[in-house]
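Below is one structure, written out as structure tokens; the observations come after it.
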Amino acid sequence: MDGRTQLYAVLGEPVDHSRSPEIQNAAFRAAGMNAVYVALEVPPPRLQQALEGLHAARVLGLNLTSPHKEAAYSLIRERTREAEEAKAVNTLRWEPSGWRGHATDGTGFLSWIEETRIDVSGRGVLVLGAGGAASAIVPRLLDLGPERIHLVSRTAEHAGALAERVGATGKTRLTTAALGDSGAFTWDLLVRALAIDSISPDEERWWRAHSPHASVLDLNYGGRAAAARVHAGGFGLRYEDGVALLVHQGAASFEFWTGQEAPIAAMREVLRTSA
């Protein structure tokens, strides 16, 4: 590091679990950039102050993780089409007039599900969670043509608000429920977009309605995915944690910041060797 080192960061609370510093610093090294990426814990009441200070300090790019994606959306004025669609941001780029916000979770999810070869066309998809990540992912799920997407959040109102923002397209039915409801929906794919790592009794009821050959895509990874991984194994379900999503959405963030193609191989390799 020297006086010309470019600064990037991820903001969240908590943020000590994040592996974004590993993949982004690997990307900077592979690209030959004099840049560094760090994790900063920022409590929600201080988010606006943090964004203003980091912009003033000319930090060139930020990622936002839970619980900041939706709050940050309302604090910035310039946004991409993807961010406007999701009403959430997970990536910010420094520009002289302020931060420009982008949502890379949706495009990252499409790359992830293509990589897994999971086909949801004409099938039932259960989405647990209606926060910033789900807001970016659900529109991309609609592009894949499932028969039905059932959105479940802690309250029916929260799930309904996401459904209203997204709107069903084509032949896909979009339905909603609260986490504490009965769980009577047979699903072929569960997208777990919950920030919590434990499986509550309310959530567990939804797991039980899986089809015989169902799969689980969990946005959590590492230790935060341990409980869901064990739970999926108990039901004999295919389970994928969110490490691949992290790489794909991180690559999209890198490209948004730098205008360069992301060195995905280097990003994957650092996760493999440090596992």
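Assorted remarks:
- Meets criteria (modelled with pLDDT of 95 or more, under 19 Å from the mean Cα position of the chain (by Cα) and closer than 21 Å to Asp181 by Cβ) for Val216: yes
- Answer residue from region 35-73, given it is over 19 Å from the mean Cα position of the chain (by Cα) and in contact (Cβ under 8 Å) with a residue 40 or more places away in the chain and is farthest from Arg100 (Cα to Cα) among those: Ala57
- Entirely in region 103-198, the strands (runs of 3 or more DSSP E) that have 2 or more residues that are crowded, with 17+ Cβ neighbours inside 10 Å and in contact with a Lys or Arg (Cβ under 9 Å, 6 or more places away or on another chain): 124-128, 148-153, 187-192
- Enumerated helices (runs of 4 or more DSSP H) restricted to region 8-101, each holding at least 3 residues that are open to solvent by less than 50 Å² (accessible area, probe 1.4 Å) and modelled with pLDDT of 95 or more: 20-30, 47-56, 69-75
- Among the candidates Ala178, Ala228, residue that is among the hydrophobic types (A, V, I, L, M, F, W, C) and in contact with an Asp or Glu (Cβ under 8 Å, 6 or more places away or on another chain): Ala228
The values are calculated or read from the model by the stated rules, or taken from the named source; none is laboratory data. This one's a predicted model, so the numbers in the text were calculated from it and none came from an experiment. When we count neighbours, we look across all protein chains shown, and the Cβ atoms used for this are built from the backbone with ideal geometry, even at glycine. Heavy atoms of the whole protein, side chains included, go into the accessibility calculation; ligands, DNA and RNA do not. Shrake-Rupley method; radii C 1.70, N 1.55, O 1.52, S 1.80 Å.
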